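A.B. asks: Can you keep this structure in mind? I'll have questions shortly.
The numbers here are math on the coordinates, done by the rules we state, and not lab data. Everything quoted here is computed from the prediction, not taken from an experiment. When we count neighbours, we look across all protein chains shown, and the Cβ atoms used for this are built from the backbone with ideal geometry, even at glycine.
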Amino acid sequence: MILRTPLTTANRGDALLCQGPSSSPRFSPSEPHRSSRPGSVSSSEGGRSSTTSLPSPRMNNRDRRRIYKRVAAMFLLAVVALTVVQRGSINMGSSFQLERHVRTDELERGEPGSDPITKDFWKSEKKQPSQKVGPTELSRITERSTEDGPGTSSGTDFNCSANANLSSQEWFTGLAQNFKKFALYRHCRRFPMLINHPEKCKGDVFLLVVIKSVATQHDRREAIRKTWGKEQVVDGKRIRTLFLLGRSANQEEKIHHQKLVEFENQIYGDILQWDFEDTFFNLTLKETHFLKWFQAYCPRVRYIFKGDDDIYVSIGNMMEFLALGDHGKDLFVGDVIFKAKPIRKKESKYYIPEALYNKTYYPPYAGGGGFIMDASLARRLHWVANSVELYPIDDVFLGMCLEVLEVVPVKHIAFKTFGLVKDKESKLNREPCFFRSMIVVHRLLPPDLMHMWNVVNGDLVCSQKVEIL
């Protein structure tokens, strides 16, 4: 049987002595500490104070020094632990930062100039210091940015206001409002990430399929998931799929649209989203942010296929093409356009004023409907894209970046980003046997895509298959 006695003032002193050097005794105001040596404790009764000697042994100087050393060591460990915890919390809460980066030998072959371009697709460049992802920040790509421009949120880390110098320039005053918005905030190029899936690049990935989409086009993403965009393993080679989104540009419905995107992401887990408005002029932002994300998370991806959300793709033909041999580190293949001219008609969606781009031709670029590039080229494009001034047409922008790297994109007949034939009304554009021989065919809405996929992959009998690979 164990008897428990209340801890009086006297036996409290015994308890404190039993705690040893690792505990710090506490004294309440009603119990003033008057002991000048171990083994004694003060007590007060009726206003009188007395000192009672305890039977504990006296500590010699050697014991005191040992206790002091232990206490000092514990205090030092506590300080170190607190410092580590504080630094860790700062790193976890800090925004994604970019460090100044001196170009590698890979990029010394070309210097970025300063140009912009337009038409149906891509281009742009301007000298700016390149930047590199900090080595301690590769665990996440989410950025904070003080982009007060189109499609930004609060809580940014640098001031990005409108370029007031443009308002007095004649070419600027005649622009449409959406183009004006692009020009005013053209220098704003870093936005926070809203949805991330770094696990998509975990392990060896042979082909990363990346599709540009917008929040409201769920039906297109769903059609792709059910047809050619299924994640699969072909001959031991892994294929992964991602959709790139900004946030809805519909101010009245953007909260509702965002909730739908988040719900869709919970189901499929295949969406990357950044906090800029999903508009035509912001497609270049989608390009640069993806390249940055890819650089940080995908060291073991071999090839990238990038396209729109209204295309038909034959993964089988694509894999057959990639298996033909070593395509080299500069592979960039698609429906390439040579000597395209900037469009100067203001009523055109692709209008570009001469003040923005004054050259006669764009550099060669691939139609954004779909193209394949080597992963090592994508990593080099990431660094170049930081030094090329943003351009309102993403296809042309990539062409400009390729020009800086002295890489010429390759045209391939199996990429049809403007339809199978020029006549959009032609029945040939819906001929299944032609689709069977293609790699990419642009502009099929979900019902057409589902129908064509089922026909081509069904019991279709063709007189012959065109050898195009």
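A.B. asks: Taking the number of other C-beta atoms within 10 Å as the exposure measure, put Asp308, Asp278, Asp204 in order starting with the fewest.
C.D. replies: Values: Asp308 18, Asp278 26, Asp204 11.
With the sparsest Cβ surroundings first, the list reads Asp204, Asp308, Asp278.
A.B. asks: How much length is gained on full extension from Glu199 to Arg300, taking 0.36 nm per residue of separation minus their Cα-Cα distance? The partial results should precede the final answer.
C.D. replies: Working: separation 101, 0.36 × 101 = 36.36 nm, distance 1.19 nm.
Answer, rounded to one decimal: 35.2 nm.
A.B. asks: Another question, if that's okay. Taking amide hydrogens as modeled 1.01 Å from N in the peptide plane, which residues meet the under 5 Å criterion relative to Ala340, leaving out close sequence neighbours?
C.D. replies: Tyr362
A.B. asks: When a footprinting reagent is the concern and you count Cβ atoms within 10 Å, what order do Ile393, Ile195 take, fewest first? Mind showing how you got there, number by number?
C.D. replies: Values: Ile393 31, Ile195 19.
Ordered from fewest to most neighbouring Cβ atoms within 10 Å, Ile393, Ile195 come out as Ile195, Ile393.
A.B. asks: Provide the packing ranking of 349-360, 243-254, i.e. peptides ordered by the mean count of other C-beta atoms within 10 Å per residue, highest first.
C.D. replies: Numbers: 349-360: 16.2, 243-254: 18.4.
Ranked from most to least packed, the peptides come out as 243-254, 349-360.
A.B. asks: Considering only Cα-Cα distances, which of the following residue pairs are longer than 27 Å: Lys181/Lys341; Lys329/Lys416; Lys359/Lys424; Lys212/Lys422; Lys180/Lys359? All intermediate terms of the calculation are to be shown ahead of the outcome.
C.D. replies: Working: Lys181/Lys341 24 Å; Lys329/Lys416 24 Å; Lys359/Lys424 31 Å; Lys212/Lys422 24 Å; Lys180/Lys359 21 Å.
Cα-Cα > 27 Å for Lys359/Lys424; rest within.
A.B. asks: Whole-Hz Karplus ³J(HN,Hα) for region 338-350, in order, using 6.51 cos²θ - 1.76 cosθ + 1.60 and θ = phi - 60°, x for Gly and Pro?
C.D. replies: Calculated HN-Hα couplings, in order: 10, 6, 6, 9, x, 8, 9, 7, 5, 6, 7, 4, 9 Hz.
A.B. asks: For Glu347, put the label point 7 Å out on the Cα→Cβ axis and report which residues of region 157-193 keep their amide N under 16 Å from it.
C.D. replies: Inside the label zone: 176.
A.B. asks: Just rank Met318, Met452, fewest to most, by other beta-carbon atoms within 10 angstrom.
C.D. replies: Working: Met318 25, Met452 19.
Least crowded to most crowded, the residues run Met452, Met318.
A.B. asks: Within region 295-330, whose backbone N sits under 16 Å from a point 7 Å along Cα→Cβ of Glu406?
C.D. replies: Correct set: 329-330.
A.B. asks: Between Ile413 and Glu262, what length in nm is gained on full extension when 0.36 nm per residue of separation is reduced by their alpha carbon distance?
C.D. replies: Length gained between Ile413 and Glu262: 50.5 nm.
A.B. asks: Here is a follow-up. How many nm separate the modelled label positions at Val455 and Ser426, each set 7 Å beyond the Cα in the direction of the Cβ?
C.D. replies: 1.6 nm
A.B. asks: Between His187 and Leu445, take the C-beta separation as r, use R0 = 45 Å, and let me know the FRET efficiency to the nearest 0.05.
C.D. replies: Values: r = 36 Å, r/R0 = 0.80.
FRET efficiency, His187 to Leu445: 0.80.
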